[in-house]
1. Can you pull out every residue in the range 159-213 that is surrounded by 14 or more Cβ atoms within 10 Å (Cβ to Cβ), among the polar types (S, T, N, Q) and modelled with pLDDT under 95?
2. Give the residue, chosen from 83, 20, that is under 28 Å from residue 221 (Cβ atoms), surrounded by fewer than 16 Cβ atoms within 10 Å (Cβ to Cβ), of a type outside the set (Lys, Arg) and modelled with pLDDT under 95.
3. Can you find a residue that is closer than 30 Å to residue 64 by Cβ, acidic (Asp, Glu) and crowded, with 16+ Cβ neighbours inside 10 Å anywhere in the range 228-241?
4. Restricting to the range 202-222, name every residue that is part of a strand (DSSP E or B) and among the charged types (D, E, K, R).
5. Which residues, taken from the range 293-313, are modelled with pLDDT of 95 or more, surrounded by 14 or more Cβ atoms within 10 Å (Cβ to Cβ), out of contact with any Ser or Thr (no Cβ under 6 Å at 6 or more places or on another chain) and not in a strand (DSSP E or B)?
Amino acid sequence: MKSSGPSYLRSSLLTILLLVGFSAGCISVKTPIKTARLLKVENATQDQLMAELNRYARVDSMRAKMYLKFEDNSFAEFGNKEVYRSADGEIVVQRPAKILLKVQVPVIKSDVAQMTSDGESFRVAILQDGGSGKYKKFVKGTNRADYSSLQQTLNATDFENGAAKLKESVNAFANLRPQHFTEAMLVRPTDTVHVYSQSTIFQNEIDDTQTKKSPLRNVMRGYYLLDEFARNANGVLVISRRFWFDRVGVVRLARQQIYGTDGEIDSDIVYGQEGNLTETGEYNNLPLQIQVTRPKEKYSMKLTYQTPGDVSIGKAYPATAFVLENSWGLEEVDLDKKLLSPTGSVSPTPAIPKAARKLQ
């Protein structure tokens with residue numbers, strides 16, 4: 001009996017594929033493929049994640065001496081960044097959003113700048129600028145204001161040896177504001193006003209404890225994500241914060257991302273290795289290093305406690321401690337007035353522009 005064309009063709013193709021697959025399986029040599037090592041993860045509920053977050057939020061005030069490491073990412077689009085030498089810093093923070101930050105030249109302990117924010121406005125005194133004197137100013141502004149229109153513009157010229165030469169240094173210290181560090185150091189607790197949601201994510205990462213040639217260097221690390229949502233004026237839920245909890249070994253807060261009303265990240269905060277702050281035994285397993293990245297302002301600052309045991313936590317400071325006065329008689333620059341001026345022009349006022357390069 002004669003078979004129909006299509007049916008016979010399908011049967012023949014299926015037979016051929018099975019034979020080829022069987023033959024290939026018999027003679028093929030398996031080639032090992034390197035893949036990221038999946039790290040064992042711990043489990044936690046959303047309530048446990050929120051409890052861990054609120055444990056961090058127990059710190060309502062702090063005074064500490066820190067090492068500050070500044071990274072200027074203004075030229076990131078050209079593949080460049082500028083890393084400054086470490087400076088000494090003294091920080092006083094108090095809930096809800098008050099901060100005093102002093103930046104000093106190491107060894108001689110001479111102040112380069114002092115900055116304060118009372119939660120609503122900020123003040124920056126630029127005390128050293130490398131000798132020219134033109135950057136020594138007293139800058140005032142409002143925390144929520146957008147001063148991007150007052151910043152100098154970036155001009156790139158020709159490329160030489162693969163690197164961009166720039167006519168002007170648009171120093172990201174111009175955007176350094178004390179209030180950028182308050183929520184990094186004083187984590188805001190959870191509340192009943194916001195809505196929270198838990199999820200998981202896995203990321204390929206490099207284990208720096210392994211050698212470069214080690215097959216164990218590439219790992220896949222698991223995280224819990226705890227997202228915080230608020231309702232906007234139209235009643236729509238919008239993300240306000242995202243917390244990353246490392247699930248390897250022990251569940252710990254590893255990262256906090258703070259979002260603006262436009263849905264873009266305002267602050268990306270990474271929390272380093274944990275340790276004990278103060279010598280009271282009440283503030284254990286807290287980060288000893290904090291890195292704050294401000295994508296819009298194009299800078300990153302790494303803060304490391306100099307002596308964790310000497311940190312003071314829980315003391316109440318007067319409101320006047322967070323309102324810097326121009327006791328040096330510096331030329332004052334009011335950024336709010338500059339925004340309202342017809343030209344919108346502003347004289348160069350980068351906070352710590354040249355002096356940072358001289359920090360030894």
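1. 169, 171, 175, 179, 182, 210
2. Only one candidate passes the filter, namely 83.
3. Yes, the range 228-241 has at least one match.
4. 205, 221
5. Matches in the range 293-313: 308 only.
Residue-by-condition table, conditions (1) of a type in the set (S, T, N, Q); (2) modelled with pLDDT under 60; (3) not in a strand (DSSP E or B):
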{"residue": "7", "(1), (2), (3)": "yes, yes, yes"}
{"residue": "15", "(1), (2), (3)": "yes, yes, yes"}
{"residue": "40", "(1), (2), (3)": "no, no, yes"}
{"residue": "43", "(1), (2), (3)": "yes, no, yes"}
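The values are calculated or read from the model by the stated rules, or taken from the named source; none is laboratory data. If you're wondering where the values come from, they're calculated on a predicted model, not measured in any experiment. So basically every Cβ, Gly included, is an ideal-geometry build from the backbone, and we count neighbours across all protein chains shown.
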